[in-house]
């Protein structure tokens, strides 16, 4: 069977391996057939509740079999799944619901209480609760789904929207990156190709499915007929234990986790005979940890990779080059073409030069939901490439990459002010906007400070109305309610007086950042 | 150099919006705390008790509830 739409990733396995374990969730395993039946049941009910092709289905669950069933159920009827990171607050869930007008949401009991206290929009017609549902209109319990039958197949094509994954940009609130089935499936193909995935593979899924890197653990395995072990607990001891217990062959993660895993393995000297490969993306691993990885992961292929949600994945470093090119992000993945464009934007860089990476190919997403301007800023024609590809649009990464003499890429820096903490993108502007909601805060500037464990941590500089002292506890409490944990500023600086302005009257952000970056917490009189 | 149940409840509530947190609430295995809060929590415990938390110690058995954390700290001090 050919894999054309997202749901095919599940269905294609029913012929050859319907009784093979596909997902392991908390000691319980599910075969492809068992998952298929669960999907049919949920999809039928979704359809009965009025979900149709193109409608958005929000999934706000802790990593579980239900999260996966909900994704495939949406796809089964041509709807679009929108995974919302479980670490996000209910306020952020509300934001996503209204941003892409979610019609049907799947949540758990814990979030249910808080969601009941909010103003649920009219277009959100069904809220399915994993567990006990309150006796309220529009709320239903997953356990009481009736057996139903779906009408025949739905005509969907690969270009149809399959998912929306929310990610932060350097300005404003998170944006929904639209992915077609073609984007997702071709992405899985490219990755499975360079990782040499096959049906004997079993990956451990630690990363959230709301993250394209996390989602690809599922898509690559289903594409090749392998299996996925769900491990939502990010404790090295638990991760290593499950790798051993379930004979995991592949493990994908981000730099902060690699740092703690390496330290753990150095202490315990654990043996992981089943592990065939590990991958990294979402940031740079410190050099000393990279070196240590060779010792704690003998005979394991190490893949360093790079990509952005808007084009899924761009480059990878083949494991045989890991030692020679330690820290490089490698070269283009199969079926993707990358170019490094010079400063002026009118030429392509060669060996020894650096510039902005742009990505061309089928992995280029369909843009941001409801944000045409932002989309056109990010995905557009590249003048330097017109002679080669004409008016074909490419994704501008916003990253400065250097090419070495052998054509291998090295990450240099971000062009803009995007902060990256534990692999998650944080918009400084979003942090500022949220803090500015507080009454006595006059001005706010957020920036990232390098941190070995987290990648970067969030700092915020604040000035108050009337120059009163900052109530840090109050600020943190407010942040806690409105931000996921990784976004909450780790350091709050007070700026006495008013912040310096540029000629156009805006806050001179670079000036303010330079006053506080790399310094201890101090107060400045200006 | 001692830590009480109340100290931990306060610390955690400070970081994450938690309605009904008690000493038996599962912290990590139900997704209530993430990896970032995990690191912060460990730093807080080391700070307040002087106990050195090793990588090997960080398991669900030792950290998944306030009750378990208190038992772990007592054992470590011995």
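Structure values in brief
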{"quantity": "Condition check for residue A:128: part of a strand (DSSP E or B) and closer than 22 Å to residue A:103 by Cβ", "calculated": "yes"}
{"quantity": "Which listed residue is surrounded by fewer than 20 Cβ atoms within 10 Å (Cβ to Cβ), within 30 Å of residue A:240 (Cα to Cα) and touching a helix residue (DSSP H, G or I) at 6+ places or on another chain (Cβ under 8 Å), from A:189, A:173, A:202", "calculated": "A:189"}
{"quantity": "Residue within segment A:388-397 that is within 14 Å of chain B (Cβ to nearest Cβ) and either at pLDDT 95 or above or at negative phi (or both) present", "calculated": "no"}
{"quantity": "Segment A:432-467: number of residues that are under 21 Å from residue A:308 (Cα atoms), away from chain B (no Cβ under 14 Å) and crowded, with 19+ Cβ neighbours inside 10 Å", "calculated": "2"}
{"quantity": "Subset of segment B:11-21 [in a loop (DSSP other than H, G, I, E, B) and more than 8 Å from chain A (Cβ to nearest Cβ)]", "calculated": "B:18, B:20, B:21"}
{"quantity": "Members of segment A:344-383 found to be over 21 Å from residue A:413 (Cα atoms), touching a residue at least 24 places away in the same chain (Cβ under 8 Å) and outside any strand (DSSP E or B), listed by number", "calculated": "A:362, A:363, A:364, A:365, A:366, A:367, A:369, A:370, A:371, A:374, A:383"}
{"quantity": "Segment A:468-500, subset under 29 Å from the mean Cα position of the chain (by Cα) and assigned to a loop (DSSP other than H, G, I, E, B), residue farthest from the other protein chains (Cβ to nearest Cβ)", "calculated": "A:489"}
{"quantity": "Residue match in segment B:3-16 (condition: loosely packed, with under 14 Cβ neighbours inside 10 Å, under 10 Å from the mean Cα position of the chain (by Cα) and farther than 24 Å from residue A:453 by Cβ)", "calculated": "yes"}
{"quantity": "Odd one out for residue A:54 among (1) part of a helix (DSSP H, G or I); (2) out of contact with any helix residue (DSSP H, G or I) (no Cβ under 9 Å at 6 or more places or on another chain)", "calculated": "(1)"}
{"quantity": "Residues of segment B:54-68 that turn out to be more than 7 Å from chain A (Cβ to nearest Cβ) and in a loop (DSSP other than H, G, I, E, B), as a count", "calculated": "2"}
{"quantity": "Filtered residue count, segment A:95-129, keeping only those that are within 14 Å of another protein chain (Cβ to nearest Cβ) and within 23 Å of residue A:52 (Cβ to Cβ)", "calculated": "1"}
{"quantity": "Which listed residue, of A:18, A:91, is closer than 30 Å to residue A:477 by Cα and surrounded by fewer than 17 Cβ atoms within 10 Å (Cβ to Cβ)", "calculated": "A:91"}
{"quantity": "Restricting segment B:22-51 to residues that are assigned to a loop (DSSP other than H, G, I, E, B) and more than 12 Å from every other protein chain (Cβ to nearest Cβ), the residue that is farthest from residue A:67 (Cα to Cα)", "calculated": "B:50"}
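The values are calculated or read from the model by the stated rules, or taken from the named source; none is laboratory data. Given the structure is predicted, the values throughout are model-derived calculations rather than measurements. Counting neighbours? That spans all protein chains shown, and the Cβs are built from the backbone with ideal geometry, glycine included.
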